[in-house]
Amino acid sequence: MPTIEVSKKDLENLVGKKFSQKELEDAMLYVKGEIDKPNGDAIVVDVKETNRPDLWSTEGIARELRARLGIEKGLTKYTVKNGTTTCTIEKSVEKVRPFIACAVVKNVKVTKEFLRQIIQLQEKVGTTFGRKRKETGIGLYDFQKMTMPVFYKGYTDNEIEFTPLDSKVKMKPSEIIATHPKGKEFGHLLKDTKVYPIIIDSKKIVASMPPIINSEATGRVTENTKEIFIEVTGYNWEICNIALNVIVMAFADRDGKIESVKINFPKGQTY
């Protein structure tokens, strides 16, 4: 059962309505939510709807409330621009973690609260819907620090090294799994693999080793970030795309402009 931390003021801004405490408690029933430990502007919501990952953020709750309260009628319509970015899946990841779905978001206005929400949503979707990153691992990157096109390919332990997020030294994949906190936590997902899945740009700058850790080079989103590259990796194409849609909807609700990414599959198909 996901527990979501939200700012009451932020939620009211997104819904377009102010709530008394009683009104807010009643409204949360629309998302099968209960307010736990209200503390001024800080609210903890226990969301009992485990089949709706789109509700696991302030943006998702606000989206549902706008519809339920008649503020926004009908389903929200999202516009996706055909982007020029491509991601090529190499055959080398076929037996490790074969699928990746991507998007680019521009015109991003990352506030401290939005950053907190998007990181929370990333973790909630990856942990609950994605079964602790086994089914979906989600990565966010500073798009302006990457050089397109991007590639999703496998490397042996001796072929690649990069500086993982929150580290200062380059490491091989096996070293990251053995010593980095995220490697210790999620390394079992790549247990006994002969190749490690790597997202890398056209200048050979590593973005991440999914679903373990982003790189320090491009994998940190801050309040100064204006454009974001999003990827979801996993074993099921449909599940990856559901998770991607949940994330990009949250950005769109904050006025981000969504662009598609062309995916080139190993056998020549494109999406």
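The values are calculated or read from the model by the stated rules, or taken from the named source; none is laboratory data. Remember, it's a predicted structure, so these values are computed and weren't measured experimentally. Cβ: placed from backbone, ideal geometry, glycine included. Neighbour counts: every protein chain shown. Each accessible area value is taken on the protein alone, full model and side chains, heavy atoms only, with ligands, DNA and RNA left out. Shrake-Rupley method; radii C 1.70, N 1.55, O 1.52, S 1.80 Å.
The residue pairs whose first member lies in the range 27-56 and is within 11 Å of residue 6 (Cα to Cα), whose second member is hydroxyl-bearing (Ser, Thr, Tyr) and in a helix (DSSP H, G or I), and whose beta carbons are closer than 9 Å, counting only pairs six or more residues apart or on different chains, are 56/128. Within the range 57-71, which residues are open to solvent by 10 Å² or more (accessible area, probe 1.4 Å) and touching a residue at least 12 places away in the same chain (Cβ under 8 Å)? Across the range 57-71, the qualifying residues are 63, 64, 66, 68, 69, 71. Residues that are part of a helix (DSSP H, G or I) and within 26 Å of residue 112 (Cβ to Cβ) do not occur anywhere in the range 227-235. Among the residues of the range 173-191, is there at least one that is touching a residue at least 12 places away in the same chain (Cβ under 8 Å), in contact with a strand residue (DSSP E or B) (Cβ under 8 Å, 6 or more places away or on another chain), charged (D, E, K, R) and open to solvent by 40 Å² or more (accessible area, probe 1.4 Å)? Taking every residue of the range 173-191 in turn, at least one turns out to be touching a residue at least 12 places away in the same chain (Cβ under 8 Å), in contact with a strand residue (DSSP E or B) (Cβ under 8 Å, 6 or more places away or on another chain), charged (D, E, K, R) and open to solvent by 40 Å² or more (accessible area, probe 1.4 Å).
The residue list 72, 59, 64 contains one member that is touching a helix residue (DSSP H, G or I) at 6+ places or on another chain (Cβ under 6 Å), modelled with pLDDT under 95 and not small (Gly, Ala, Ser), which is 72.
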